[in-house]
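Read-outs: derived from the displayed coordinates by stated rules, not from any lab. Everything quoted here is computed from the prediction, not taken from an experiment. Cβ placement follows ideal geometry from the backbone for every residue including glycine, while neighbour counts extend to all protein chains displayed.
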Amino acid sequence: MPVEQETRGREHDISRLRSSSIEIREKGSEILKEQLDTAQRELKLKDKECERLSQIRNQLEQELEELTASLFEEAHKMVREANVKQAGAEKQLKEAQGKIDVLQAEVTALKTLVLTSTPSSPNRQLHPQLLSPSTRGAHRHTRNKSASGALPSTPGHVDSPSVPQLPATKEDKEMDSVLFAEFLSWRERPGLDRSSAFLGRIYREDIGPCLSFTRSELSQSVQSAVENNSLTIEPVAISALPMVKASAIECGGPNGLRAAVETKCALSGMSRSCCHRIKLGDKESYYYISPSSRARITAVCNFFTYIRYIQQGLVRHDAEQMFWEVMRLRREMTVAKLGFFLTDQG
């Protein structure tokens, strides 16, 4: 009996242990399920957070790419603009350097002209208007330097016998105080305005009469061109002159291709041997002029050239030397007006 009771007691204990184990297992399972559910919920929340952060990262990457592309484009644009500006600046620099070189050459030429050539002793290589057609061509001729000047020989006339030379005399001069005072007043503010007493007198006594020709309208145009420094005088080769129409006679022009040809001077209207022609400014018309007319125009041009040098500060002489040079130029205009001029003798 006791053995059976002991066996039953053991079975009862085993059964109770089994039930307790089942309960423990069930409770553990419930706890694990709850933990699993909690873990799954947390995992979903983390997935959502990761997805949100991923979207933010993608958006930032896209904005960064757009910003980088914009910066690169702006940088390329700035580089292109800088290259264009640099090219333009280099071009302007080269042009400016070229202009500076030209201006320096002109200044050097003007200084050389003033220092080595004055109207009293001009350098004829620097004054093209003083060169004769023969010196501009292939042959050179000497200039007749007689004291009274050489008169042009006309067809059908015989040169007058030579006049016995008078004993050499020394030229003396005396300054006119009124003329010198007018010059000093003008020299304080040099200009080309004829309202000043100095230039007004010269216009009235020298320039006006020297440029007063038979063709008055053309004479006014020539004077305006001389004042504006836009007059061109150039020699013409008689043997190379083409045949012209009758309408060209109004401007002065050749009337044939003969060796000894006479043309009609556009200023005086007289038939003379015209070896030069003039052009007024940008006009395309040429006017053939006689040697006498050329000498008168050249005398006035020399005067204007000298006072322009004074105006530009290129003459380094004192007032008295400049005054006497002006007086000498006035004398040249007067002598040319009277019909005296030098010619080249072959």
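Restricting the search to the stretch 331-346, which residues are assigned to a helix (DSSP H, G or I), surrounded by fewer than 19 Cβ atoms within 10 Å (Cβ to Cβ) and in contact (Cβ under 8 Å) with a residue 12 or more places away in the chain? Quick ask: steps written out before the conclusion?
First pass over the stretch 331-346, keeping only residues assigned to a helix (DSSP H, G or I): 331-337.
Adding the requirement that they be surrounded by fewer than 19 Cβ atoms within 10 Å (Cβ to Cβ) leaves 331, 334-335.
Matches in the stretch 331-346: T334, V335.
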Cross-chain or 6+ apart pairs with Cβ under 9 Å, the stretch 273-296 first and free of Cβ contacts under 8 Å to residues at least 60 places away in the same chain, then among the acidic types (D, E): C274/E262; R277/E234; I278/E234; K279/E234; Y286/E234; A295/E332
Unique match (being farther than 30 Å from Q312 by Cβ and either surrounded by 10 or more Cβ atoms within 10 Å (Cβ to Cβ) or of a type outside the set (K, R) (or both)) among E95, E73: E73
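Here is a list: Q104, Q5, Q62. Which entry is without any contact (Cβ under 8 Å) to a residue 24 or more places away in the chain, part of a helix (DSSP H, G or I) and surrounded by fewer than 10 Cβ atoms within 10 Å (Cβ to Cβ)?
Testing whether each residue is without any contact (Cβ under 8 Å) to a residue 24 or more places away in the chain, part of a helix (DSSP H, G or I) and surrounded by fewer than 10 Cβ atoms within 10 Å (Cβ to Cβ) leaves just Q5.
What are the residues in the stretch 184-231 that are aliphatic (A, V, I, L, M) and part of a loop (DSSP other than H, G, I, E, B), if any?
Narrowing the stretch 184-231 to residues aliphatic (A, V, I, L, M): 184, 192, 197, 199, 202, 207, 211, 218, 222, 225-226, 231.
The answer is L192, L211.
One line per residue, one yes/no per condition, for (1) aliphatic (A, V, I, L, M); (2) part of a helix (DSSP H, G or I):
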{"site": "G313", "(1), (2)": "no, no"}
{"site": "E320", "(1), (2)": "no, yes"}
{"site": "E325", "(1), (2)": "no, yes"}
{"site": "L329", "(1), (2)": "yes, yes"}
